[in-house]
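The values are calculated or read from the model by the stated rules, or taken from the named source; none is laboratory data. Model, not experiment: these values are computed from the prediction. Note that we place each Cβ from the backbone using ideal geometry, even for glycine, and neighbour counts take in every protein chain shown. Each accessible area value is taken on the protein alone, full model and side chains, heavy atoms only, with ligands, DNA and RNA left out. Shrake-Rupley method; radii C 1.70, N 1.55, O 1.52, S 1.80 Å.
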Amino acid sequence: MSSAIESLVSYRSDSDSENESDSSSRNDINDPDATAHLKPLPSGPTMTLAVLNAAPEVAVKESVETGQHLDPALKEVTFNPTFETLFAPEFGPINPFKSQQMAAPRNMLSGYAEPAHLNDFMFEQQRRTFSTFGYALDPSVGTAEVTNSSYIGAVDEAEKNKGITVFEAAAKTGDKRKKVKGGEAGEIETFLGPWAKYADEKDGAKPSEEMQKELDEITAKRQKKGRNEEEAPAEEKTVLHVKDMYDYQGRSYLHVPQDVGINLRTADVPDKCYLPKKQIHVWTGHTKGVSAIRLFPASGHLLLSASMDCKIKLWEVYNERRCIRTFIGHSKAVRDICYNNDGTKFMSAAYDRYLKLWDTETGQCISRFTNRKVPYCVKFNPDEDKQNLFVAGMSDKKIVQWDIRTGEVVQEYDRHLGAVNTITFVDENRRFVSTSDDKSLRVWEWDIPVDFKYIAEPSMHSMPAVTLSPNGKWLACQSMDNQILIFGAQNRFRLNKKKIFKGHMVAGYACQVDFSPDMSYVVSGDADGKLNIWDWKTTKLYHRIKAHDKVCISALWHPHETSKVITCGWDGLIKLWD
C-alpha cells in the first residue's frame, strides 16, 4: 500500500511540473532544444497498477456509501454492484406531458395482460369440453388440487361426469364412427376415399306427412309449368282488316302504288332532306307498347309493327293509311321483325322463344323455329342466293343460323360473353357485325363461326341498337352512355371520334337510330319520348320533338321522302311526322 501511495505522490509532482511547462511546450513542442530539459515519466509495473486500481476503489466506495445508481447507458461494469444499485429507479426531469395511459405499459386495448404460458392442447381440450358438456376447469386453479369447486359452467354436470374431458370420453367409450369402406384407390368406380359416408348415417331426415303433402303439391305445379312451356306454340291466325284483298286488276296490297306523287319503284333518293316539323298521322291499334317497326323493302309503302301485345300489324304508309292485316301467333311480347328481300315473307322473334316465318300477303305462318332460348334479334341474309338462310341473336350468347327449307340449325356463332342484341350485314353482305350485353362489337365472315374482328374498350358500353348508313360506309350504334357512336363499316371498323352524337337520354333502352336518305341528318328516339334530330356534318342537335308519352323506341326516316319520319313508342302509338 505504501508503495502505491509513493507512486501517487511522484505521479502528482510530475503532473504539476507538466502543467507549469504546458504553455511553453505548446509553443516549443517542435523545437528539440526546448524539449530537452523535460524528464521522462517513471515507468514500471507499480505505476501502472496504481493508476488502474486507484479510481475504481473510490467509485465503488462512493456508490456503496451514497447509494448512487449506475448510469443505464453504461456498457461495462468493473465491479460487483448490489441489487439496490442495479435496480435503483432512474432519475431525470419529470415529463410534464405524461398521462395515466402513458404511465402504464399496455399490450392490449384494455390494459396490460401478463404473459402466461398455456399449452395449446390443454386450452383446446378445455374449450371443446366446455362447448360439449358445458363445463371446464377454472384456469385460476392448479390442476394438482382439482375438486368440484375447481370447475366453471355446469358444475353439476362436471360432478356427474367426474370432470371427464371430451378426449377422455371418446377414448373411454371407443365411439369412433366407422365409415363405409370403398374399393382400392386404383378403382375409380368404387373408391370412396375421404368422401365416404358413415356406416350409421342416414340418407336424410324424412319430412312429416304434412310437409310431404306440401312438397308434392309444389313439385306437381312445377312439372305442370314445365309442360306448358314445352307445349306446342300458340295457334297462329290472321285478321284481314280491309274489305278486298285484291283490287280490280287482281293486285294485292303488296303491289307498289303509283298514285302517291313520287316514284317508289326506283332506288332514287331525295337530293336534299329537311327537318320534320309536325305530326301528320297516328296509327292506333296496338293495346301495348310497340317494340319495333320496319318499312317494306325498296318501296316503303307498307309498315310492319311488332308489339308487346303479342301481335304484329301491317299498315299503309300512303293513301288512307289503314291497318291492313294483323298476325296473331305468339304467346308473349314480340321482340323483333325482319322482311326478306322482296317483302313477301317476314320473320318474327318473340319472348315465347319462337321464331316464326309468315307470308306477308296471306298472313299464313309458314314455319316456326326454336332452340328453347329467347331470340333478341333476327335477320335474313340479304344476298339473293341466300334468302333461305337467317340468323338470330339469342339470350344464351349465341348467334344461330337456320335454313328455312330444312328447319334445322346449320351454323352457330358462339363467341360472345352476353346475350346478343343486334346483327347488321356489312361489306356487300359478306360479313355481319354483332353487338352484345358483353359491351363488345364483333365482326364475322358469313358462315365462319370465329369472329375476325373484336372491338372492346374499357370505356365502351353496351350497344343494343345498330343501323347501317344508306351509303354503307358507317355504323351508327346507340350506346348506353347516352351517345350515338359511329364506326367505320369498311375494313378497319374504327370508331370515328369526330362523330359522336349526344344530348339525349337513352340509358336502359334500345332506341333505334336512323339516317336521312341523303346522309345529312341522324334521328333517334329517347327515354323521354322525344324525337331527336342531329346534323351529320357538325353533330349538333338541331331539333327535338315531343313524340310520345312513354319511351320513343324507334325512328325511321322514309327512304324516298325528303322529310317524313315514322316513330313508335311504348304508349302503343305509331306516328308519322313531316
Practice problem: Could you bin all the Cα-Cα distances of the range 431-578 into 5 Å bins starting at 0 and give me the percent of pairs in each, rounded to whole numbers? | Solution: 2, 10, 20, 22, 20, 14, 8, 4, 1
Quiz item: Taking a 1.4 Å probe, which of His241, His416, His281 shows the most accessible area, and what order do the others take after it?
Solution: His241, His281, His416
Quiz prompt | Shape call, the range 284-403: gyration tensor on alpha carbons, a/c limit 1.5 | solution = oblate
Quiz item: Which percent of the accessible heavy-atom area of the range 288-340 goes to carbon and sulfur, probe 1.4 angstrom?
Solution: 48 percent
Practice problem: Taking 7 Å along the Cα-to-C-beta vector as the label spot, tell me the Tyr274-Glu157 distance in nanometres, rounded to one decimal. | Solution: 9.4 nm
Exercise. Under 1.5 on a/c is rounded, so check that first for the range 522-572, then, if it is not, pick prolate when a/b is larger than b/c and oblate when it is not; a ≥ b ≥ c are the square roots of the alpha carbon gyration tensor eigenvalues.
Key: oblate
Quiz item: Counting only the heavy atoms of the protein chains, how much of Thr132 is accessible to a 1.4 Å probe, in Å² to the nearest 10?
Solution: 90 Å²
Quiz item: For Ser131 and Asp535 in the same chain, what is the full-extension length gain: residue separation times 0.36 nm, less their Cα-Cα distance, in nm?
Solution: 137.8 nm
Self-check item: Inter-label distance, nm, simple model (7 Å from Cα along the C-beta direction), Thr147/Arg544
Solution: 9.0 nm
Quiz prompt | Solvent accessible area, Å² - Lys546, 1.4 Å probe, full protein context | solution = 110 Å²
Quiz prompt | Hits among lysines - C-alpha to C-alpha of Lys206 under 24 Å, sequence gap 8 or more where chains match | solution = Lys178, Lys179, Lys197, Lys221
Practice problem: Can you grab the distance from the C-alpha centre of the range 467-495 to the C-alpha centre of the range 308-386, Å, no decimals? | Solution: 26 Å
Quiz item: Using the per-residue mean of other Cβ atoms lying within 10 Å as a proxy for protection, in what order, highest first, do the peptides 480-488, 548-556, 207-215 fall?
Solution: 548-556, 480-488, 207-215
Self-check item: the range 402-550: relative contact order in percent, alpha carbon pairs under 8 Å with at least 6 residues between
Solution: 13 percent
Exercise. Kindly state, to the nearest 0.05, the FRET efficiency for Phe191 paired with Asn341, given R0 = 60 Å and r defined as their beta-carbon distance.
Key: 0.45
Quiz prompt | At R0 = 22 Å, FRET efficiency that the Cβ-Cβ distance of Glu114 and Asp138 yields, to 0.05 | solution = 0.80
Quiz item: With the Cα gyration tensor of the range 412-472 giving a ≥ b ≥ c as the square roots of its eigenvalues, does the rule (a/c under 1.5 for rounded; else a/b larger than b/c for prolate; else oblate) give rounded, prolate or oblate?
Solution: oblate
Exercise. Provide the per residue accessible area, probe 1.4 Å, for the range 483-578, rounded to a whole number of square angstrom.
Key: 38 Å²
